[in-house]
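**Student:** Sharing a structure here in structure tokens format.
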Amino acid sequence: MSKLKILQIIQKPQLRGAEIFACQLSNHLLEQEHEVMVVSVFPGDAELPFQGKVVKLDRPQNKRFFDPNGWKEFSKLVKDFNADIIQANAGDTLKFMVSSKMFYPFEAKIIFRNANKMGDFIDSKFKYYLNKAYVSRLDYVISVSKECQIDFQQTFNFPDEKISTVEIGVEHQYIDEDVHDLNFLEGNHKVITHIGGYVPEKNHLRLIHIFKQITYDYPNAKLLLIGKGHLEEKVRKEVKSLNLDKNIHFLGYRNDVLEILSHSDAFVLPSLIEGLPGVILEAMYCKTPVVAYNVGGVKEVVKHDTGWLVEKNDEETFINSLREVLNSDSQSASKIQNANKMIHDRFLNKIISKRFLSIYDEVKN
């Protein structure tokens, strides 16, 4: 395989799943002696976990649908870098990349990393035809799960030969035994962790009510909420109204997610919409049991022998599954071990990166 010049576009410098994975993937591509650059479109303040060059365009978000100056600047960057492959990683990066190539043409092949069931977000004819126009310009799509791939093909009547699935991966790394600033992790109480931005599809408000039921059995249980988003204040008010202030901790973004997961008794994901969230794989890597709703590609990793899969909005079963996890038994131990083995066999980033490279090489040629 010849050496490639690969440009990864992310939405902004933030410690969200899509951005973190794009950076981790890029690090592995660098290790294999390919040239990689990460470009962020909008302003952000997080320090990205990428060892190479990061270019921040800092384009105004209110121009995300029409930004000729930004498209021109990006096209020049692509040409100066002489990119072979450009991969847009979720969100508005698709619009930005395609618009740039349309108005200021360049030679590089363009790939979209599809991380969600897009059909769940398209609720009008306008959204459909707008996204259809962007999608029709793509050279290839790499979907995060089979479920998301099928949805993408059905939604846009997208050709089989231009799409495939490569799941998200987990970074193999040392996990510190201590989380130095979270003293409440120590002690004789149950710790439940959720990771995700405060957006409607993550379903924080119902998670709070699910957790309330758990506190009847475990009055000292802790729920850790990792992430940021525009609904955070609304969630805080709900926590206060249910008198859960001492039980629920808002941690914002963290750089020590694996350490926190390794100290947790359960990881929960009651999302209403998902692709294949990397946080599930990270929990399994840390040998933390997973309880999740059956949405998107979740069922492709959370199965009867690797976790607790619950049908969407079935809160009673979700609560009972979480109780089963917290009570723990030999069946739980077996599921945890199976999940951890699956991660090491199939979902380490070192393995995943080679599958991306194979597609890049094929698309380029």
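**Student:** Give me the distance between the Cα centres of segment 332-365 and segment 107-165, rounded to whole Å.
**Tutor:** Their Cα centres are 22 Å away from one another.
**Student:** Can you work out the accessible area per residue across the chain, with the rest of the protein chains kept in place, probe 1.4 Å, in square angstrom?
**Tutor:** 45 Å²
**Student:** Now for a separate question. Add +1 for every Lys or Arg and -1 for every Asp or Glu among the other residues with Cβ under 12 Å from the Cβ of Glu300, and state the total.
**Tutor:** Local net charge: +1.
**Student:** Sticking with this structure for a sec: Only Lys, Arg, Asp and Glu count, each charged at its Cβ (+1, +1, -1, -1), so figure out the dipole size of the chain about its Cα centre, rounded to 20 debye.
**Tutor:** That gives the chain a dipole magnitude of about 1200 debye.
**Student:** What is the helix-to-structure angle for 93-103, meaning the angle in degrees between its Cα long axis and the longest Cα principal axis of the chain, kept from 0 to 90 and rounded to the nearest 10?
**Tutor:** 10 degrees
**Student:** In the neighborhood of Val98, defined by Cβ-to-Cβ distances under 13 Å, what is the net charge if each Lys or Arg adds +1 and each Asp or Glu adds -1?
**Tutor:** Combined, the nearby Lys, Arg, Asp and Glu give +3.
**Student:** How large are Rg and Dmax for segment 213-365 when calculated on the C-alpha trace, in angstrom?
**Tutor:** Computed over the Cα atoms of segment 213-365, radius of gyration and Dmax are 17.2, 60 Å.
**Student:** Taking the chain as the reference, fit the longest principal axis to its C-alpha atoms, fit the long axis of helix 17-31 to the helix C-alpha atoms, and give the angle between the two in degrees, 0 to 90, nearest 10.
**Tutor:** It works out to around 60 degrees.
**Student:** To the nearest 10 Å², what's Glu167's accessible area with a 1.4 Å probe?
**Tutor:** Surface open to solvent at Glu167 totals about 20 Å².
**Student:** Any chance you could list P(r) for segment 325-365, counting all Cα-Cα pairs in 5 angstrom bins from zero, rounded to whole %?
**Tutor:** Bins of 5 Å from zero give 5, 20, 16, 13, 12, 10, 8, 7, 5, 3, 1 percent of pairs.
**Student:** Percent of accessible area on segment 254-360 owned by carbon and sulfur, 1.4 Å probe?
**Tutor:** The C+S portion of the solvent-accessible surface of segment 254-360 is 45 percent.
**Student:** Principal axes first, then extents: for the Cα atoms of the chain, list largest minus smallest coordinate on each axis, whole Å, largest first.
**Tutor:** 61, 40, 39
**Student:** Something else: May I ask you to list the chymotrypsin sites (Phe, Trp or Tyr not before Pro) in segment 20-89 that are in a DSSP loop and have at most 13 other Cβ atoms within 10 Å of their Cβ?
**Tutor:** Phe65, Phe66
**Student:** Regarding segment 4-86, what is the average projected area of its C-alpha convex hull, in nm²?
**Tutor:** Here the figure is 5.2 nm², rounded to one decimal.
**Student:** Return, for the Cα atoms of segment 117-272, the radius of gyration and Dmax in Å, separated by a comma.
**Tutor:** Spelled out, the Cα radius of gyration and Dmax of segment 117-272 are 19.6, 56 Å.
**Student:** I need the GluC sites (Glu not before Pro) found in segment 258-311, filtered to DSSP loop residues with at most 13 other beta carbons within 10 Å of theirs.
**Tutor:** The qualifying sites are Glu311.
**Student:** Report the residues of segment 77-94 in range of a label on Gln154: point 7 Å along Cα→C-beta, backbone N strictly under 15 Å from it.
**Tutor:** The answer is none, because no backbone nitrogen lies closer than 15 Å to the label point.
**Student:** Going 7 Å from the Cα of Asn220 along its beta-carbon direction, which residues of segment 188-211 have the amide nitrogen within less than 18 Å of the resulting point?
**Tutor:** 188-193
**Student:** In whole Å, what are the Cα extents of segment 2-143 along the three principal axes, biggest one first?
**Tutor:** On the principal axes, segment 2-143 reaches 44, 30, 29 Å in Cα extent.
**Student:** I would also like to ask the following. Taking every pair of distinct Cα atoms and averaging 1/r, then inverting, what Kirkwood hydrodynamic radius in Å comes out for segment 287-353?
**Tutor:** This gives a value of 12.5 Å.
**Student:** Now, a different point. Set the Förster distance to 22 Å, then compute FRET efficiency between Lys125 and Asn62 from the Cβ-Cβ distance, nearest 0.05.
**Tutor:** In this case the efficiency is close to 0.35.
**Student:** Just to confirm a number: summing +1 for Lys and Arg and -1 for Asp and Glu over residues other than Val199 whose beta-carbon lies under 12 angstrom from that of Val199, what do you get?
**Tutor:** Once positives and negatives cancel, what remains is +1.
**Student:** May I pose another question? Which order do the peptides 245-256, 184-195, 94-105 come out in when sorted by mean C-beta neighbours inside 10 angstrom, highest first?
**Tutor:** Packing proxy ranking, top to bottom: 94-105, 184-195, 245-256.
**Student:** Could I ask something else about it? For the chain, what does the helix formula give at 222 nm: sum of -39500 (n - 2.57) over DSSP H segments with n ≥ 4, over the residue count, nearest 500 deg cm²/dmol?
**Tutor:** Per the formula, -12500 deg cm²/dmol.
**Student:** Sticking with this one: For the pair Asp245 and Glu33, what calculated FRET efficiency results from E = 1/(1 + (r/R0)^6), where r is the Cβ-Cβ distance and R0 = 51 Å, to the nearest 0.05?
**Tutor:** FRET efficiency, Glu33 to Asp245: 0.50.
**Student:** Assigning unit charges at the beta carbon (Lys, Arg +1; Asp, Glu -1) and nothing else, what dipole magnitude in debye, to the nearest 20, does segment 209-315 show about its Cα centre?
**Tutor:** 320 debye
**Student:** Can you give the Rg and Dmax of segment 205-254 based on its C-alpha atoms, in angstrom?
**Tutor:** Radius of gyration, then largest Cα-Cα span, for segment 205-254: 10.5, 31 Å.
**Student:** Then there is this: Using label points projected 7 Å from each Cα along Cα→Cβ, tell me how many nm separate Glu177 and Gln51, to one decimal.
**Tutor:** Inter-label distance under the simple model: 2.8 nm.
**Student:** Let a ≥ b ≥ c be the square roots of the eigenvalues of the Cα gyration tensor of segment 87-146; is it rounded (a/c under 1.5), or, if not, prolate (a/b larger than b/c) or oblate?
**Tutor:** Oblate shape, in that a/c is at least 1.5 and b/c is the bigger or equal ratio.
**Student:** Let me know the shape class of segment 58-113, please: from the alpha-carbon gyration tensor, a ≥ b ≥ c as square roots of the eigenvalues, rounded when a/c is under 1.5, otherwise prolate if a/b is greater than b/c, or oblate.
**Tutor:** Note, shape of segment 58-113 comes out oblate.
**Student:** Note the per residue figure in Å³ for the convex hull of the C-alpha positions in segment 156-197.
**Tutor:** About 171 Å³ per residue, rounded to a whole number.
**Student:** Continuing with the same structure: When the dipole is taken about the Cα centre of segment 151-210, and only Lys, Arg (+1) and Asp, Glu (-1) are charged at their Cβ, what size is it in debye, to the nearest 20?
**Tutor:** Dipole about the Cα centre, nearest 20: 420 debye.
**Student:** Follow-up. Share of segment 45-108's accessible area from carbon and sulfur, percent, 1.4 Å?
**Tutor:** Using a 1.4 Å probe with all protein chains present, segment 45-108 comes out at 48 percent carbon and sulfur.
The values are calculated or read from the model by the stated rules, or taken from the named source; none is laboratory data. None of these values were measured; they are calculated from a predicted model. Neighbour counts run over all protein chains shown; Cβ positions are idealised from the backbone, glycine included. SASA here: full protein model, heavy atoms, side chains in, ligands and nucleic acids out. Shrake-Rupley method; radii C 1.70, N 1.55, O 1.52, S 1.80 Å.
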